[in-house]
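Heads up: the structure comes next, in structure tokens.
The values are calculated or read from the model by the stated rules, or taken from the named source; none is laboratory data. Quantities reported herein were computed from a predicted structural model and do not represent experimental measurements. Cβ atoms come from the backbone with ideal geometry, glycine included; neighbour counts cover every protein chain shown.
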Amino acid sequence: MTNYILKRIFALIPIMFLVGIFVFFIIHLIPGNPAAMMLGPEATQEEIDAFSKTMGLDKPVPIQFAEWISNVVKGDFGMSLFFQGQKVTKVVFEHFKVTLTLTILGVILAILFGIITGVIAAINHNHLLDRVIMVITSAGVSIPNFWLGLMLVLFFSIRFSLLPPAGFKPLSAGLGASLRYFILPAITLAFGQTSLIARMTRSNMLEVLRSDYIRTAKAKGLSKVMVNYKHALKNVLIPVITIIGLSFANLMGGAVVTEQIFNIPGVGRLLIKSVFTRDYPVIEGIILYIAAMWVIINLVTDVLYVIIDPRIEY
Amino acid sequence: MKSKIFLGLILILTIIMLFVSFSAAETKMGRVLKVVIDADPPTLDPHASTTTLVFVVGYHMFEGLYSLDESLNPIPMLATDLPEISEDKLVYTIKLRPGLKFHNGKDVTAEDAVASVKRWGKMSSYGKSIFKNVESIEVKDALTIELKLTKPTGITLVSLAMPNGGAFIYPKDVCEKYPDKPVEENIGTGPFKFVEWKPHQYIKMVRFEDYQPVAFPANGFGGKKVAYVDEIQFIPISDEAVRLTSVEGGEYDFADFVPADEYNRLKDHPDIQALPSAPRAWFAFQFNKRAGVMSEVKMREAFLTALDMGPILAAGYGDEAFWRLDPSIMLKEQVWWSNVGKEKYNQGDIEKSKKLLEEAGYKGEEIVWMSGQLEYNLSLAAKKQLEKAGFNIDLQPMEWATVADRRKNPELWDIFSTGMTTKPDPTMFTPLNPAYAGWWESPKLIELMDKLATETDFDQRYKLMEEVQKLFYEEIPTIKVGDYANFRIAAKNVKGFKNMNEIFFWNVWKE
């Protein structure tokens with residue numbers, strides 16, 4: 001097991017390296033120049049060229065790459081071209097904290113409601129409750145984030161003034177104050193994931209409930225609760241965990257749309273903005289971070305399998 | 001007896017009035033003002049960038065020797081008065097106000113001013129053009145500087161006064177530390193001082209307690225400035241619908257660039273002030289005059305002749321509160337406004353355009369038109385009109401960074417859409433700069449612009465500008481579609497806001 005984990009962690013190095021090369025050349029291939037974005041739309045080409053030079057952007061791309069990669073190996077991701085003297089690591093970390101909070105909240109909501117509604121639907125298979133849950137979860141999978149987010153803002157913020165429509169307060173401003181800003185975005189994020197988890201849980205649960213060992217358990221005279229929650233649910237969780245792992249990794253890469261609607265300074269927004277302004281070092285930093293997140297979260301998911309299902313071995 | 005009662009009444013009234021005005025003054029002070037802007041500025045150093053947001057955030061912290069009044073004419077700011085100009089119009093003597101302090105507590109001296117203006121001359125587009133003509137700039141005494149020109153020009157003062165890419169004064173050591181890169185220490189003399197910039201979250205500044213306002217009342221971007229609010233936060237929100245909801249939902253106090261479509265719904269809203277800005281720019285289709293089909297004057301004439309500007313502007317800006325038909329290169333609000341060439345503007349004459357195309361020998365070659373997302377609706381509306389006249393247009397939507405990159409190569413495009421932001425003087429105005437992408441390199445224009453730059457008498461300069469405008473409608477380097485404003489909203493309790501072409505928040509308080 002330890003060997004396996006170590007092996008996976010070492011595998012990170014070539015993956016990151018490949019991603020790094022790929023991203024570096026892709027973003028230098030797309031048209032655009034950070035100097036032009038910085039100087040404004042009315043700058044002349046002469047000024048843009050001069051400014052590119054002071055930023056070191058006039059060097060050939062392979063040389064820029066060599067400089068960048070040798071710094072990255074030393075753990076130095078460089079400075080943002082846009083934000084006054086701020087290191088890429090600092091900029092990304094600041095945004096990462098926000099994304100992490102939002103993701104954790106969203107995933108907790110999704111797991112909680114997803115599994116509960118999924119189990120309820122399965123137990124009441126083909127009854128009214130099941131149908132209602134299925135309709136709602138179908139909607140949850142299909143409703144786009146941006147629409148749901150705006151509707152929540154319309155009702156909870158503008159109509160009833162209960163929650164702030166946009167913005168963000170860090171946890172250091174107090175848990176309550178900070179949470180208020182996260183409620184609507186977390187619901188927006190969680191709605192789709194909840195539906196996914198609920199549907200997954202339901203179909204797996206139905207399958208498990210039809211299996212022999214459940215019939216045996218029922219025949220033994222075990223209570224319904226024991227059968228459903230102790231024997232059935234545990235075996236439902238493996239595929240559900242895969243889904244949870246995927247959505248966690250997905251969200252950690254930044255919930256771009258949700259962050260945009262609620263103006264939350266997370267990784268997704270940072271990425272979009274950096275692409276528009278061609279802040280090369282920041283884009284590279286974020287992509288490497290997202291790649292690392294995927295690898296790490298997949299690893300954690302795999303380890304969780306072992307904990308939940310002792311039959312699995314690596 | 002009666003007069004005693006009368007006197008007594010007056011006394012009581014005076015006391016009440018005093019009390020009221022005092023308490024009003026007291027309630028004006030304080031609170032945090034949260035202003036939504038549409039993006040993070042690329043830097044906070046106005047010497048380094050002409051992007052509007054840079055100086056809009058910047059001029060709360062920084063001030064120049066001069067500023068602009070309501071009609072965009074220069075007025076003193078850190079200087080005591082307009083400069084003393086020698087008879088040969090070559091030497092400008094500028095005196096600084098005594099007792100001015102930087103945010104770091106140090107006195108503002110002529111050394112700081114000279115170092116800053118020199119840095120501006122090296123970094124800013126406007127500074128560079130002025131400094132082509134500067135022989136020297138020197139410290140005369142602790143509070144006096146002397147600027148010597150090589151030949152007279154009428155634009156030195158206005159260049160020192162304009163906020164866009166403006167000659168703001170920084171401490172000398174900051175200028176020396178950042179000679180060719182944007183400053184990273186934001187120390188100025190303005191009514192607010194810099195606290196913190198958290199990318200994508202806020203730029204925070206607080207009242208500068210030692211601020212020294214000028215003696216005359218507020219006027220345009222200058223005059224007396226009071227920091228009523230304790231703190232201003234500029235919050236970047238890139239989505240226009242979110243900018244709107246964030247103020248409508250009561251989270252923030254002010255937002256610029258909200259969707260104009262919402263104007264009719266918001267103009268009678270109980271909690272919101274709907275504020276169409278003063279026209280601040282005009283919308284333009286810029287032609288490539290170096291290569292391709294549009295480098296033919298006849299083609300450009302056919303293009304202009306076909307266009308009916310009203311529907312194009314309505315497609316982009318909605319309600320008429322936000323746009324205006326006008327042929328002038330300089331805006332109606334400015335002393336430079338002129339009607340020359342109006343017969344060529346806004347004709348919408350498809351038949352005539354067809355004829356002109358025929359004369360030009362146009363055979364349906366594809367015309368590549370680059371348009372950013374913001375400009376797309378307007379470009380599309382124009383394309384529909386032009387197709388009726390027989391133009392074959394390939395309208396390519398792309399994000400601004402790509403437009404900015406591709407436009408430098410004349411082989412790649414024929415037209416791009418953009419906005420041209422007001423400048424106080426025609427010599428600074430982007431479409432009249434032969435080096436600007438599109439390259440209006442007409443010898444006639446260059447000659448006229450040279451004259452405009454060196455002439456100092458306003459009436460003569462105005463006549464020259466009218467000639468430039470005449471040429472503009474003969475050679476058609478750029479299509480002026482029309483003036484536009486943007487939509488701003490503020491919470492009802494935001495008071496004292498002066499709705500000019502650009503936003504600022506000194507003299508603004510919250511009730």
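In table form, for the structure just shown:
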read-out: Inter-residue pairs, beta-carbon under 9 Å, first closer than 22 Å to residue B:181 by Cα and in segment A:56-74, second hydroxyl-bearing (Ser, Thr, Tyr), 6+ apart; value: A:57/A:280; A:58/A:52; A:64/A:280; A:68/A:280
read-out: Checklist (1) more than 11 Å from chain B (Cβ to nearest Cβ); (2) out of contact with any helix residue (DSSP H, G or I) (no Cβ under 8 Å at 6 or more places or on another chain); (3) small (Gly, Ala, Ser) applied to residue A:50, failing item; value: (1)
read-out: Residue within segment B:338-357 that is under 22 Å from the mean Cα position of the chain (by Cα) and either modelled with pLDDT of 95 or more or among the hydroxyl-bearing types (Ser, Thr, Tyr) (or both) present; value: yes
read-out: Residue within segment B:444-467 that is modelled with pLDDT under 90, away from chain A (no Cβ under 11 Å), surrounded by fewer than 22 Cβ atoms within 10 Å (Cβ to Cβ) and within 23 Å of residue B:501 (Cβ to Cβ) present; value: no
read-out: Evaluation of residue B:163 against (1) part of a helix (DSSP H, G or I); (2) within 14 Å of another protein chain (Cβ to nearest Cβ) (one fails), failing number; value: (1)
read-out: Qualifying positions in segment B:408-422 - surrounded by 19 or more Cβ atoms within 10 Å (Cβ to Cβ) and either more than 9 Å from every other protein chain (Cβ to nearest Cβ) or in a helix (DSSP H, G or I) (or both); value: B:413, B:414, B:415, B:416, B:417, B:422
read-out: Given (1) among the basic types (Lys, Arg); (2) under 23 Å from the mean Cα position of the chain (by Cα); (3) over 14 Å from residue B:428 (Cα atoms); (4) within 14 Å of chain A (Cβ to nearest Cβ), number of the condition residue B:128 does not satisfy; value: (3)
read-out: Residues located in segment A:108-158, provided they are within 19 Å of residue A:243 (Cβ to Cβ) and within 14 Å of another protein chain (Cβ to nearest Cβ); value: A:145
read-out: Pair list, Cβ under 6 Å, 6 or more apart: segment B:338-366 residue surrounded by 13 or more Cβ atoms within 10 Å (Cβ to Cβ), other residue acidic (Asp, Glu); value: B:338/B:466; B:340/B:466; B:348/B:308; B:356/B:301; B:360/B:296
read-out: Every residue from segment A:293-314 that is hydroxyl-bearing (Ser, Thr, Tyr) and either within 16 Å of residue A:240 (Cβ to Cβ) or out of contact with any helix residue (DSSP H, G or I) (no Cβ under 9 Å at 6 or more places or on another chain) (or both); value: A:301, A:305
read-out: Matching residues, segment A:53-69, being in a helix (DSSP H, G or I) and more than 9 Å from chain B (Cβ to nearest Cβ); value: A:53, A:61, A:62, A:63, A:64, A:65, A:66, A:67, A:68, A:69
read-out: Residues of segment A:262-277 classified as at the interface with another protein chain (Cβ under 9 Å from one of its Cβ atoms) and assigned to a helix (DSSP H, G or I), total; value: 7
read-out: Looking only at segment B:174-210, and only at residues there that are charged (D, E, K, R) and in a loop (DSSP other than H, G, I, E, B), the one that is surrounded by the fewest Cβ atoms within 10 Å (Cβ to Cβ); value: B:209
read-out: Condition broken by residue B:431, with the remaining ones in (1) within 11 Å of chain A (Cβ to nearest Cβ); (2) more than 30 Å from residue A:29 (Cβ to Cβ); (3) in a loop (DSSP other than H, G, I, E, B) satisfied; value: (3)
read-out: Filter pass, residue B:154 being on the phi > 0 side of the Ramachandran plot and part of a loop (DSSP other than H, G, I, E, B); value: no
read-out: Among the residues listed as B:466, B:441, the single one being touching a residue at least 12 places away in the same chain (Cβ under 8 Å) and assigned to a loop (DSSP other than H, G, I, E, B); value: B:441
read-out: Tally, over segment A:124-170, of residues that are surrounded by fewer than 18 Cβ atoms within 10 Å (Cβ to Cβ), hydrophobic (A, V, I, L, M, F, W, C) and more than 23 Å from residue B:247 (Cα to Cα); value: 9
read-out: Filter pass, residue A:210 being surrounded by fewer than 17 Cβ atoms within 10 Å (Cβ to Cβ) and within 28 Å of residue A:138 (Cα to Cα); value: yes
read-out: Residue within segment A:167-177 that is more than 14 Å from chain B (Cβ to nearest Cβ), under 27 Å from residue A:227 (Cα atoms) and out of contact with any Phe, Trp or Tyr (no Cβ under 7 Å at 6 or more places or on another chain) present; value: no
read-out: Criterion (closer than 22 Å to residue B:506 by Cα and facing chain A (nearest Cβ under 9 Å)) met by exactly one of B:207, B:243; value: B:243
read-out: Strands (runs of 3 or more DSSP E) contained in segment B:30-99 and holding at least 1 residues buried (at least 24 other Cβ atoms within 10 Å of the Cβ) and within 14 Å of chain A (Cβ to nearest Cβ); value: B:32-37
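This table checks each residue for (1) of a type in the set (Val, Ile, Thr); (2) surrounded by fewer than 19 Cβ atoms within 10 Å (Cβ to Cβ).
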{"position": "A:224", "(1), (2)": "no, yes"}
{"position": "A:243", "(1), (2)": "yes, no"}
{"position": "A:248", "(1), (2)": "no, no"}
{"position": "A:253", "(1), (2)": "no, no"}
{"position": "A:263", "(1), (2)": "no, no"}
{"position": "A:280", "(1), (2)": "no, no"}
{"position": "A:285", "(1), (2)": "no, no"}
{"position": "A:291", "(1), (2)": "no, no"}
{"position": "A:300", "(1), (2)": "yes, yes"}
